[in-house]
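The block underneath contains the structure these notes are about, expressed in structure tokens.
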Amino acid sequence: MTETRPVWPPHWPRVLDAPFGPPCPGAYRARPEDFQVEEVLGFSPEGEGEHLWLWVEKRGMTSDMVARELARACEVPSRSIGYAGLKDRVAVTRQWFSVHLPGREAPNDLTARLTEPSIVLLETHRHPRKLKRGVHRGNRFRLRLTGEAANVPGLDERWSWLCRHGVPNYFGPQRFGPDGRNLYRAASLLARKWRKRDDPQGMLLSAARGYLFNVQLAARIEQGTWDSPLEGEVVVLDGSSSQFVTERLDDELRDRAARLDIHPSGVLWGRGDSVARDAALASERDSLAAHPALCEGLERAGARLARRPLRLRLTSPGLERDIDGAIWLSFELPPGAYATSVLRELIDHPTLNFQPSPTGDDERGAPDAPTAAVQ
């Protein structure tokens, strides 16, 4: 079959356009303070051990930039720094970092050594282990929306619908780079044969896997089955990496899906056989049939097949109206989920439709977290 070149910008559908129509134009992240992210670890450092864990607030910086600054200030190699996930650059975020300091204390003047005023050290604790990618429970967001969309009653209805029914778990624009450049680089590299030295952090592999997943999700939205299991579906338990294949669709499974207790899933492509069956397996194959080169390239590169839920639950959602007419949204998402996928259903903005940012922001996509099969 002829390979279909990845299309950019892609035309991946929103779920709310059918019941409510396209969203009104809106703005977000006009300044870093409008996009607040707090990592939810889900456990506490034990208070002793070889690793110093630091609770850090950063503004206008990537997590990689903070890690390099901590390594310099603590006089350790970069590999001695750990963190659970990459956080947005144009934002104010709080997250944990770990520094391997066996047998020695942190510099007494650590705060003074942090030459970047955009880094604020809030707490320090000891722990026996390095902070690994993807071990956190999730991220809590507080986002400020302005513009026409924030001043129409319809936004409240759209938000209420997402709180009841969930959000499509698209990989966000950050995954693919400006103008989809990460994706096109990935397609070129996979066609030649992927080598780690050309993609040391796996960013390009992640862009290809993310694109194929979004293609599957878009197809299920068009079919009206993104939020309900098919025959032979691999469903994922909400808030967990646990999954099982539906032996037979019945009222109980449909009710659990309606309550957001379980979610249909899509494939993160790689080596291995999908355990989906029947209609679910046919849907996966049909949606990816136009991209054999990407699929085969990922297999040759050694990526392992995994799964990701097609749908997200908004945990602890909230909506507040500011006196200036702006709207503040708050919610928590699991690791690997994108707040931009939530915003895309609520406001019309070029960056949310995978188009170039008018401000020229250049945010990298984050590699897949090496956690369980479901991100």
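A few points about this structure:
- Prolate/oblate/rounded label for the range 125-222 (Cα gyration tensor, a/c 1.5): oblate
- Gained length - residue 111 relative to residue 179, 0.36 nm times residue gap less alpha-carbon distance: 20.6 nm
- Highest mean first, the peptides 206-213, 46-53, 190-197 sorted by other C-beta atoms within 10 Å per residue fall in the order 206-213, 46-53, 190-197.
- Shape call, the range 189-341: gyration tensor on alpha carbons, a/c limit 1.5: oblate
- Those residues of the range 212-244 whose amide nitrogen sits under 16 Å from the label point placed on residue 165, 7 Å along Cα→Cβ: 218-229
- Formal net charge of residues neighbouring residue 125 (Cβ-Cβ distance under 12 Å; K, R +1; D, E -1): -2
- Peptides ranked, highest mean first, by Cβ atoms within 10 Å: ranges 232-238, 160-166: 232-238, 160-166
- Applying 1/(1 + (r/R0)^6) with r as the Cβ-Cβ distance of residue 31 and residue 248 and R0 = 41 angstrom yields a FRET efficiency of 0.20.
- From its DSSP helices (H runs of at least four residues, each -39,500 (n - 2.57)), the chain gives a residue-normalised ellipticity at 222 nm of -7500 deg cm²/dmol.
- Label-point separation, residue 20 to residue 222 (7 Å along Cα→Cβ), nm: 2.4 nm
- Distance in nm between pseudo-label sites at residue 8 and residue 328 (7 Å out along the Cβ direction from Cα): 3.6 nm
- Pairs of Lys in the chain closer than 27 Å at Cα, counting only those 8 or more apart or on different chains: 8
- Relative contact order (%) - the range 166-312, alpha-carbon pairs under 8 angstrom, separation at least six: 32 percent
- Placing a label point 7 Å from the Cα of residue 315 along the Cα-to-Cβ direction, the residues of the range 227-259 whose backbone N falls under 12 Å from that point are 238-241.
- Counting only alpha carbon atoms, the long axis of helix 181-192 and the longest principal axis of the chain meet at about 80°.
- Rounded, prolate or oblate (a/c below 1.5 giving rounded, otherwise prolate when a/b exceeds b/c) for the range 6-79 by Cα gyration tensor: prolate
- Sequence-distant contacts, meaning Cα pairs under 8 Å at least 6 residues apart, place the relative contact order of the range 43-127 at 51 percent.
Coordinate-derived values only; no laboratory data. Because the structure is a prediction, the values reported are computed rather than measured. Backbone-built Cβ (ideal geometry, glycine too); neighbour counts: all protein chains shown.
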